[in-house]
Each structure stands twice: as C-alpha cells, then as structure tokens.
Amino acid sequence: MHLAALLPLATASLALSQSNLPGLTRDVVILGGGSTGTYAAVQLRSQGKTVALIEKKDKLGGHAETLYLPNDQYVNYGIEGFFNNGLTKTYFSKLDIDYELLLPGSLITKYVDFRTGKPALPGDGLLDTLTGLLLYRAAISQFETLSTGAYYLPDPIPEALLRPFHEFVSTHALQGALNLIFEFAENVGDLLNTPLLYVIQNFGIPQIDALLNGGYIRPKNGTDTLFNKAATFIAPENIFYSTTAIHTSRNETGVEVTVQSSDGTHTLIRAKNLLVTFPPTLSSLKGFDLSPTEQSLFSKWTHMQYYAATITNTGLPDGINIANVNPDNQPGSLPLPPFQWELEYSGVPGYFMTKIVAPANFTAEDAKELIVDNLRSMREAGTYNTTEDPTIAAFASHSPETLMVGVEDVKEGFYSKLYGLQGRRSTYYTGYTFCTDYSTPLWNYTDGVVGMMDL
Ligand SMILES: Cc1cc2nc3c(=O)[nH]c(=O)nc-3n(C[C@H](O)[C@H](O)[C@H](O)COP(=O)(O)OP(=O)(O)OC[C@H]3O[C@@H](n4cnc5c(N)ncnc54)[C@H](O)[C@@H]3O)c2cc1C
Ligand SMILES: *[C@@H]1O[C@H](CO)[C@@H](O)[C@H](O)[C@H]1NC(C)=O
Ligand SMILES: *[C@@H]1O[C@H](CO)[C@@H](O)[C@H](O)[C@H]1NC(C)=O
Ligand SMILES: *[C@@H]1O[C@H](CO)[C@@H](O)[C@H](O)[C@H]1NC(C)=O
Ligand SMILES: *[C@@H]1O[C@H](CO)[C@@H](O)[C@H](O)[C@H]1NC(C)=O
Ligand SMILES: *[C@@H]1O[C@H](CO)[C@@H](O)[C@H](O)[C@H]1NC(C)=O
C-alpha cells in the first residue's frame, strides 16, 4: 500500500498555498530509490532518523533489475553483483540477505563484428585478465586522490587526465588490456577518445581491487531480493512510489518538498535535509528552487543512453558470450556508439543479456531494432542460425548514464564546485554523478554524505 493512496485526495494546485496540502515531517527527504537512495534510507533509519523516500518507478532498485522465470530461475540483467567486502557484507547482514559469489554465466567468448555478423579477431596481443589488471592498475595508481571513486582531483589537475585515453594507452603500453577495461567502462562509448579521467572513474582502483580481493557477491534469488528486504526495513509508510518532486523551497534551516504521485496527489514534506541521489540534471530538477550555481553546474552534463535487455528465442547456442568487435577501430577493435556491447549468456538456458550504448538521441525503439538487426546479420553471414523472431523478454532504459562534462569545465574546477554544493540550503547530493558508478563505493561515499548532515 502506498501512503499517497491513504491520503485524502488533494486537488490543491500548486498555485494554492502549500500549507493547504496534506503534509508530513521527516528528518530527510531522499529523492530516488535506486541503489544509493535505498542505502541512504536504510542507514538513516538504523540511526533512528525519519525519512521519506521518493521514487519515480513503482519499485526500488533503479539500475538493479531481475527477471524471474519458472523453476526458481532468474536473470539479473542490470546490476549483477556487489564488491565482496566488509561494507557490502555489513549492509547485507543488516537486511538479512543470503548471498553467494558471483560467477560468470560462461567463460567462453566468441568475437563477432556486429556490423557484418561475421566472426572477427579481438584486439592484438590480448593479455590475460590478471596481467591486464595489474598493468592498468600500476599505470593509474599515480592518481591517488581518485582511489575511493569520488571525483577528488589533484590540484593542479594533471593534463594527462584530460587527454584522450588512447594517448595513455600508448604511453603505458595498455593495448592488450583494452578488452578488459572495456568490459567495465563500455558505458563511456568511444573508449579511446574519452578523457582518461572518465575512463578511470568508470574502471578504477575500487573496481580493480574488488576483483583482486574477493571478487563480487550477489544476493541469492536475484538483486531484487536486496531491494524487497530494504523496502520492508524502511517501512511502506516512508516510501512514495510512482512519485516525483515537483517543487522545492530550501534554506539553511530546512526544506519543503512538494511531491506528486502518478494519480495526481500532491503531498508537502517538510524536512531538515534533502538528499538528491539521481543525476541532477535540469530536467530531473524541474520546479526546484535552483541557485545560480546549481543551475550553471547542472546545465553542463552530457550523457550516454544505456539500455539493458534480456533476450530469448534467439537460436544462439547456450553457454557462450558473443562480444562485439570492430577491427577498423584500433587499437583494441572496440565497437563505436551506437553499439550493442555483448550478448552475454545468463546462465539460464535460452536467455542472453545485452546492453546498448549510444548517443543521447538513440531511443528505446532504436535500441530494440539494433538488437534484432544484429541477430539478423549473424544469420545472414552464416555465423549463427539465429531465429527471425527473437523475443525481448525484458528491457530497461538506464539513461541518462555516464554523465560527463567537457575537459574545459573540469579544468575550471567543475568538480570542486560540485562538491561545494554539499550542505548548501540543507541539500546534499550523492549517486553516480558524484562518485564512480558502482554500488559499493557509492554506498561508502553516501555514508560520508549522510555523516555530514546535521540531524
Ligand atoms: C546495466 C547496468 C549494470 C550494472 N551492473 C553493476 C554491477 O554489477 N555492480 C555494480 O556495483 N554496479 C553496477 N552498475 C552501476 C549502477 O548504476 C550502480 O551500481 C547503482 O545502481 C547506481 O545507483 P544510483 O542509486 O546512484 O542510481 P539509479 O540506480 O539510477 O537510481 C536512481 C533512482 O532514482 C529514480 N529517479 C530518477 N529520476 C527521478 C525523479 N525525478 N524522481 C524520483 N525518482 C527518480 C530512478 O527511477 C532510480 O530508481 C550497473 C549499471 C547498469 C546500467
Ligand atoms: C570511504 O569513504 C571515506 C571518506 O568518506 C574514505 O576515506 C575511504 O577511503 C573510503 N573507503 C574506500 C574503501 O574507498
Ligand atoms: C525469488 O523471488 C521471487 C520474486 O520475489 C519470488 O517470487 C520467488 O518465490 C523467490 N524464490 C525463492 C526460491 O525464494
Ligand atoms: C526557512 O524557511 C522556512 C519555511 O519554509 C521559514 O519558516 C524560515 O523562517 C526560513 N529560515 C530562514 C533562515 O530563512
Ligand atoms: C543522432 O545524432 C547524430 C549526430 O550527433 C546523427 O548523426 C544521428 O543520425 C542521430 N541519430 C538518430 C537516431 O537520430
Ligand atoms: C545452420 O543450420 C544449417 C542447416 O541445419 C547447418 O547446416 C549449419 O551448419 C548451421 N550453422 C551453424 C553456424 O550452426
């Protein structure tokens, strides 16, 4: 039961005095119930604080998505695992989550140029995973301030961080590690031409050290289990599903947030603090009383489109992954946007996971079409006997993903200005525009932000 449904139907428009709206008081209003917002709500609740968690969709999880199939089978086609470390395990035990080591669905990878459907060779001199990891780690470890995953840049900012990644690859002879780096940083799109800073922020010391020290774990019975248990812990009356914030009024002593649910109900929530966890873009913050600094910083993001799907009835053989390579793009033979990254065997017979990385104008329909077109090319090229009517069993947009700003803005102190927003007018920020896009380091960063609140 959603709390909004219990409230008297409010017809008050925003033009009416806000004091006429049904109102609530909480310590913290959290916007976004993905991995970060859910974690923040759980932490605050365990510290005895009151929260209102506002989520646009009808479930918690954000980038975490599980497709449940008959016979207790499931496919995690968004988040697959969390770092196997103390922070994750403490969180899991607080929520009573059983977990297991995350193992790949298959260790066999075939390489195909998805543009032609024909088999192709991966990049030259491919290093084994461990060698590639250690070589890349050694090369990036000079940027110590980035090692927690936050955008804490050295002052002055080393020019190398702002140069295209291919220069760093050539200086440090990382050609053989490109495939591995791409496995984690494919969301940047054109990897070789992405500034080094953003490659490191998508695959840096936190991710490498997790791989070297225990790997990844996942909740038994799907990542959704984590969010279902978290929802129970947070308690239904504190979670507003299918709801967004449409108006804010913030000052140093507190915030007033008006939220609107999909049935049109408005609720006014007064709180000591506001925590924004989704990417703070001008469109996601429509109706907010943005300061000139917020307005200026949030107008600078560029992003990628990112779609995740589970497909079945493909005709592809079980037990293999098919990676997309582009021999025209050297070094590394990496595909260029818009691209379907990989067909990854899910471990459930007949089911493959896939991801589409594309520029901002690439729609969900374009993405679905690309999936079907690529399978057709493989059939026409005689590479795989794919079917003519594959089924997209689950599909999600994770856009906007990979939020970046231009190197000139980085040089002019974008990130120190961004962190300078923390606490202004009782407002705090977390999520993958503030720290690397991986749950465990995001939780750690979020702990720091919650610790800054004066509650
Ligand atoms: C396909 C995919 C696979 C991934 N795999 C892994 C993995 O295996 N391990 C890992 O650690 N990380 C993985 N990641 C990274 C993942 O993004 C982070 O781990 C983490 O989920 C980010 O959480 P978040 O809460 O910051 O953002 P999100 O998950 O994006 O959460 C934001 C939430 O805010 C909601 N929202 C958006 N706008 C509004 C609004 N206006 N009002 C209210 N609510 C709103 C959204 O619906 C969403 O629930 C993966 C990402 C993708 C896309
Ligand atoms: C967690 O965050 C704190 C800052 O809040 C930082 O000092 C620490 O190094 C981080 N831990 C890891 C493992 O990154
Ligand atoms: C796994 O989770 C799904 C969805 O919540 C549920 O329907 C199913 O019963 C669970 N299976 C097991 C074995 O717990
Ligand atoms: C902050 O806003 C609240 C109401 O929104 C108001 O009562 C209070 O006086 C304001 N405080 C300051 C310091 O402006
Ligand atoms: C998207 O924009 C690019 C230019 O940036 C253009 O070449 C391309 O055709 C556009 N694609 C779609 C699907 O509109
Ligand atoms: C596709 O099917 C045909 C006819 O059954 C068979 O001869 C061929 O070997 C198959 N090709 C592949 C790649 O499996």
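The values are calculated or read from the model by the stated rules, or taken from the named source; none is laboratory data. None of these values were measured; they are calculated from a predicted model. Every residue, glycine as well, gets a Cβ built from its backbone with ideal geometry; the counts of neighbours run over all protein chains shown. The accessibility values were calculated without ligands, DNA or RNA, using every heavy atom of the protein model including side chains. Shrake-Rupley method; radii C 1.70, N 1.55, O 1.52, S 1.80 Å.
Would you be able to tell me the number of residues in the stretch 344-375 that are touching a residue at least 60 places away in the same chain (Cβ under 8 Å), under 20 Å from Gly105 (Cα atoms) and either in a loop (DSSP other than H, G, I, E, B) or in contact with a Lys or Arg (Cβ under 6 Å, 6 or more places away or on another chain) (or both)?
Residues meeting the conditions: 4.
Do you know which residues across the stretch 254-285 are aliphatic (A, V, I, L, M) and under 24 Å from Ser296 (Cβ atoms)? Spell out how you get there, then give the answer.
Step one: of the stretch 254-285, the residues aliphatic (A, V, I, L, M) are 255, 257, 259, 268-269, 271, 274-276, 282, 285.
Within the stretch 254-285, Val255, Val257, Leu274, Leu275, Val276, Leu282, Leu285 meet the criteria.
Go over the candidates Phe278, Phe227 one by one and state the one that is within 12 Å of ligand 1 (Cβ to nearest atom), open to solvent by 20 Å² or more (accessible area, probe 1.4 Å) and within 23 Å of Glu65 (Cβ to Cβ).
On the way: Phe227 fails: open to solvent by 20 Å² or more (accessible area, probe 1.4 Å).
Unique residue meeting the criteria: Phe278.
Here are Pro317, Pro335: which of them is in a loop (DSSP other than H, G, I, E, B), out of contact with any helix residue (DSSP H, G or I) (no Cβ under 6 Å at 6 or more places or on another chain) and surrounded by 17 or more Cβ atoms within 10 Å (Cβ to Cβ)?
Criteria check complete, one pass: Pro335.
Filter the stretch 114-152 down to residues that are modelled with pLDDT of 95 or more and open to solvent by 80 Å² or more (accessible area, probe 1.4 Å), then give me how many there are.
7
Which is surrounded by fewer than 16 Cβ atoms within 10 Å (Cβ to Cβ), modelled with pLDDT of 95 or more and within 16 Å of ligand 2 (Cβ to nearest atom), of Thr25, Thr90, Thr36? Outline the logic, then answer.
Details: Thr25 fails: within 16 Å of ligand 2 (Cβ to nearest atom); Thr36 fails: surrounded by fewer than 16 Cβ atoms within 10 Å (Cβ to Cβ).
Testing whether each residue is surrounded by fewer than 16 Cβ atoms within 10 Å (Cβ to Cβ), modelled with pLDDT of 95 or more and within 16 Å of ligand 2 (Cβ to nearest atom) leaves just Thr90.
Quick check, is Ser296 open to solvent by 20 Å² or more (accessible area, probe 1.4 Å), within 16 Å of ligand 4 (Cβ to nearest atom) and not in a loop (DSSP other than H, G, I, E, B)? Walk me through it before giving the result.
On the way: open to solvent by 20 Å² or more (accessible area, probe 1.4 Å): yes; within 16 Å of ligand 4 (Cβ to nearest atom): no; not in a loop (DSSP other than H, G, I, E, B): yes.
Here the answer is no, as Ser296 does not meet what is asked.
Looking at the stretch 83-128, which of its residues are aromatic (Phe, Trp, Tyr), touching a Phe, Trp or Tyr at 6+ places or on another chain (Cβ under 6 Å) and more than 25 Å from Gly319 (Cβ to Cβ)?
Applying the first criterion (aromatic (Phe, Trp, Tyr)) to the stretch 83-128 yields 83, 91-92, 99, 111, 114.
In the following step, the residues that additionally are touching a Phe, Trp or Tyr at 6+ places or on another chain (Cβ under 6 Å) were identified as 92, 99.
Hit for the stretch 83-128 is Phe92, nothing else.
Quick check on my filter: what residues within the stretch 117-145 are farther than 30 Å from Leu162 by Cβ and touching a helix residue (DSSP H, G or I) at 6+ places or on another chain (Cβ under 6 Å)?
Scanning the stretch 117-145 gives a single hit, Gly117.
Give the residue, chosen from Phe240, Phe233, Phe278, that is closer than 16 Å to Thr38 by Cβ and in contact with a Gly (Cβ under 6 Å, 6 or more places away or on another chain). Before you say what the answer is, go through the steps one by one.
Values: Phe240 fails: in contact with a Gly (Cβ under 6 Å, 6 or more places away or on another chain); Phe233 fails: in contact with a Gly (Cβ under 6 Å, 6 or more places away or on another chain).
That would be Phe278, the only listed residue that is closer than 16 Å to Thr38 by Cβ and in contact with a Gly (Cβ under 6 Å, 6 or more places away or on another chain).
In the stretch 196-221, which residues are within 17 Å of the chain's Cα centre (by Cα) and within 16 Å of ligand 3 (Cβ to nearest atom)?
Scanning the stretch 196-221 gives a single hit, Arg218.
Check off (1) buried (at least 16 other Cβ atoms within 10 Å of the Cβ); (2) within 12 Å of ligand 1 (Cβ to nearest atom) for Ser262 and give me the number that stays unchecked.
All conditions pass for Ser262, except number (1).
With respect to Thr244, determine if the residue is open to solvent by 10 Å² or more (accessible area, probe 1.4 Å), more than 16 Å from ligand 3 (Cβ to nearest atom), under 24 Å from the mean Cα position of the chain (by Cα) and hydroxyl-bearing (Ser, Thr, Tyr). Spell out how you get there, then give the answer.
Values: open to solvent by 10 Å² or more (accessible area, probe 1.4 Å): yes; more than 16 Å from ligand 3 (Cβ to nearest atom): yes; under 24 Å from the mean Cα position of the chain (by Cα): yes; hydroxyl-bearing (Ser, Thr, Tyr): yes.
Considered against the rule, which asks whether it is open to solvent by 10 Å² or more (accessible area, probe 1.4 Å), more than 16 Å from ligand 3 (Cβ to nearest atom), under 24 Å from the mean Cα position of the chain (by Cα) and hydroxyl-bearing (Ser, Thr, Tyr), Thr244 comes out as yes.
Residue by residue through the stretch 51-82, note down the ones that are in a strand (DSSP E or B), over 18 Å from Thr354 (Cβ atoms) and open to solvent by less than 20 Å² (accessible area, probe 1.4 Å).
Scanning the stretch 51-82 gives Val51, Ala52, Leu53, Ile54, Gly61, Phe82.
Is it fair to say Phe240 is more than 25 Å from Lys417 (Cα to Cα) and among the hydrophobic types (A, V, I, L, M, F, W, C)? Don't jump to the end; show me each part of the working.
Values: more than 25 Å from Lys417 (Cα to Cα): yes; among the hydrophobic types (A, V, I, L, M, F, W, C): yes.
In short, yes.
Within the stretch 384-401, restricting attention to residues that are within 12 Å of ligand 6 (Cβ to nearest atom) and surrounded by fewer than 19 Cβ atoms within 10 Å (Cβ to Cβ), which residue is nearest to Pro119 (Cα to Cα)?
Taking the stretch 384-401 as the starting set, the residues that turn out to be within 12 Å of ligand 6 (Cβ to nearest atom) are 384-387.
So of that shortlist, the ones also surrounded by fewer than 19 Cβ atoms within 10 Å (Cβ to Cβ) come out as 385, 387.
Values: Asn385: 14, Thr387: 18 Å.
Once the filter is applied, the top-ranked residue is Asn385.
Look at the stretch 361-398 and say how many of its residues are aromatic (Phe, Trp, Tyr) and either within 30 Å of the chain's Cα centre (by Cα) or over 19 Å from Gly350 (Cα atoms) (or both). Show your work before the answer.
Pass one, the stretch 361-398, residues aromatic (Phe, Trp, Tyr): 362, 384, 395.
Now narrow it down to the ones that are either within 30 Å of the chain's Cα centre (by Cα) or over 19 Å from Gly350 (Cα atoms) (or both): 362, 395.
Total satisfying the criteria: 2.
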